[in-house]
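Undergrad: Here it is, the structure in full.
The values are calculated or read from the model by the stated rules, or taken from the named source; none is laboratory data. Because the structure is a prediction, the values reported are computed rather than measured. Reconstructed Cβ throughout: ideal geometry from the backbone, glycine too, with neighbour counts over all protein chains shown.
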Amino acid sequence: MAAAMKTTRKSSVGTKVVVLGGGLIGSVIASDLASSRGMKVTVADSSSASLKNCIRRAGKKISTVEADLADSDDIARVVAEADLVVGALPSGLGLNALETVIDVGRHYVDISFMSEGNLHLSELAQKKRITAVVDMGVAPGMSNLLCGYGAQKLDRCDRLEILVGGLPRHRHWPWEYKASWSPSDVLEEYVRPVRVVEGGKIVWKEALAEPELADFEGVGTLETFLTDGLRSLADTLDVPDMVEKTMRYPGHIELMRVLRHLGLFSPEPVTLPDGTTVRPLDLTSHLLFPQWKFEKGEPDCTVMRITAEGRLGKIATRLIWDVVDDLDEKTGFSSMSRCTAFPAAAMARMIADGSFKRRGVFAPEQIANDKGLLDRMLKELKARGVEYVARVETID
């Protein structure tokens, strides 16, 4: 559904890349980039165990450095000699890293699910002749790209819907879930107020609200609920109705509502009768996260559906993209790490080889209609086994 790409590219030979964060996703980004011709990849992380895992995954193709990635000076130190930086940090570290990398004057691709706005940094990036593409994972990321493309492809776009979920391939009692990405960011999804667009206006709603069911071939029936995943889409696209929902196996929503109602997701300290002070969120995380951890080699899957509704000429039309992806048993890379890492790595290659030259800070939907960009992205993902299946429906 994207136009064919005819782009002359420069070689990325000798490109020095620093990946900030060597966790589940950062290690896959590093491994994928290290397999690209001429890219010299260094991974920075505070955890020696994570760095050893990166080496295990990518072999001698990468180098590593220990760094405190919550510290601006340490970030500036490790990116000083880089041509390009890729951020794979938890949400709480995302904005500081972005600001620091721009200030140092390095191109940046980021997947951090930061709660703060970041497009206001575009003017600074332009002044420094820097390209920064933020939220370039799966959702946000590919969801934004496809929404931006779908909204432009239709003559009039009336509605955009994102359904997305990272799940264990096999259901587990009682949670009906395991965390295929940062568990702390998952919990934040359950408490962060949700922005949706209704009738052209931003409306705030409660997370975990408005449950519905959706069916996916090969997966079955999933329950969907509101989460704050529209992010920049609510500001950058002129579409009257937009919503993002997360998907889980049926039963998970009610469990999370009960825990939230009890106050177990609260970061505010409480004092127990014996005088001990504890943050409920810390206790919940301590008890819950081990139960949400995937066992070694346990299969996960990523499920997403992007729908753009409107008109093509006089015909009411629905454009749909589906992806159902599984753990890669050959590499051991989880589905969520692959689906998130590969778009970021592809975007990094486009910046490195000169295919994408615009300066500033961009959300994915802002670049979705750049000539050939989406076509190349989908091609690279398909080559790695992540295939987005497109279809067009007429709305009765």
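Residue by residue, here is whether (1) assigned to a helix (DSSP H, G or I); (2) touching a Leu at 6+ places or on another chain (Cβ under 7 Å); (3) surrounded by 21 or more Cβ atoms within 10 Å (Cβ to Cβ) holds:
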residue: Glu176; (1), (2), (3): no, no, no
residue: Asp185; (1), (2), (3): yes, no, no
residue: Glu189; (1), (2), (3): yes, no, no
residue: Arg195; (1), (2), (3): no, yes, no
residue: Ile202; (1), (2), (3): no, no, no
residue: Ala207; (1), (2), (3): no, yes, no
residue: Glu210; (1), (2), (3): no, yes, no
residue: Ala214; (1), (2), (3): no, yes, no
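Undergrad: On to the next question. Restricted to the range 289-323, and to residues that are under 23 Å from the mean Cα position of the chain (by Cα) and of a type in the set (A, V, I, L, M), which residue is farthest from Leu264 (Cα to Cα)?
TA: The qualifying residue farthest from Leu264 (Cα to Cα) is Leu319.
This table checks each residue for (1) part of a helix (DSSP H, G or I); (2) without any contact (Cβ under 8 Å) to a residue 60 or more places away in the chain.
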{"residue": "Thr100", "(1), (2)": "yes, yes"}
{"residue": "Val109", "(1), (2)": "no, no"}
{"residue": "Gln126", "(1), (2)": "yes, no"}
{"residue": "Asn144", "(1), (2)": "yes, no"}
{"residue": "Cys147", "(1), (2)": "yes, no"}
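Undergrad: Quick one: which of Phe289, Phe294 is assigned to a loop (DSSP other than H, G, I, E, B), of a type outside the set (D, E, K, R), closer than 18 Å to Val186 by Cα and at pLDDT below 95?
TA: Result: Phe294 is the single residue among Phe289, Phe294 that is assigned to a loop (DSSP other than H, G, I, E, B), of a type outside the set (D, E, K, R), closer than 18 Å to Val186 by Cα and at pLDDT below 95.
Undergrad: What number of residues within the range 255-288 are surrounded by 10 or more Cβ atoms within 10 Å (Cβ to Cβ), more than 25 Å from the chain's Cα centre (by Cα) and of a type in the set (A, V, I, L, M)?
TA: 8
Undergrad: Just to be sure before I move on: is Ala341 touching a residue at least 24 places away in the same chain (Cβ under 8 Å), part of a helix (DSSP H, G or I) and in contact with a Gly (Cβ under 9 Å, 6 or more places away or on another chain) in the structure I sent?
TA: Taking the combined requirement at face value, the residue satisfies it.
Undergrad: Which residues, taken from the range 18-34, are surrounded by fewer than 24 Cβ atoms within 10 Å (Cβ to Cβ) and within 16 Å of the chain's Cα centre (by Cα)?
TA: Result: Gly23, Leu24.
Undergrad: Within the range 266-276, is there a residue that is within 30 Å of Lys330 (Cα to Cα), in contact (Cβ under 8 Å) with a residue 12 or more places away in the chain, assigned by TED's automatic domain parsing to the domain that holds Ser182 and touching a Lys or Arg at 6+ places or on another chain (Cβ under 8 Å)?
TA: no
Undergrad: Given the conditions (1) part of a loop (DSSP other than H, G, I, E, B); (2) within 30 Å of Glu198 (Cβ to Cβ); (3) among the aromatic types (Phe, Trp, Tyr), which single one is not true for Trp321?
TA: Condition not satisfied by Trp321: (1).
Undergrad: Further, regarding this structure: Output the number of residues of the range 366-396 satisfying the condition of being closer than 20 Å to Asp32 by Cβ and either assigned to a helix (DSSP H, G or I) or of a type in the set (D, E, K, R) (or both).
TA: 13
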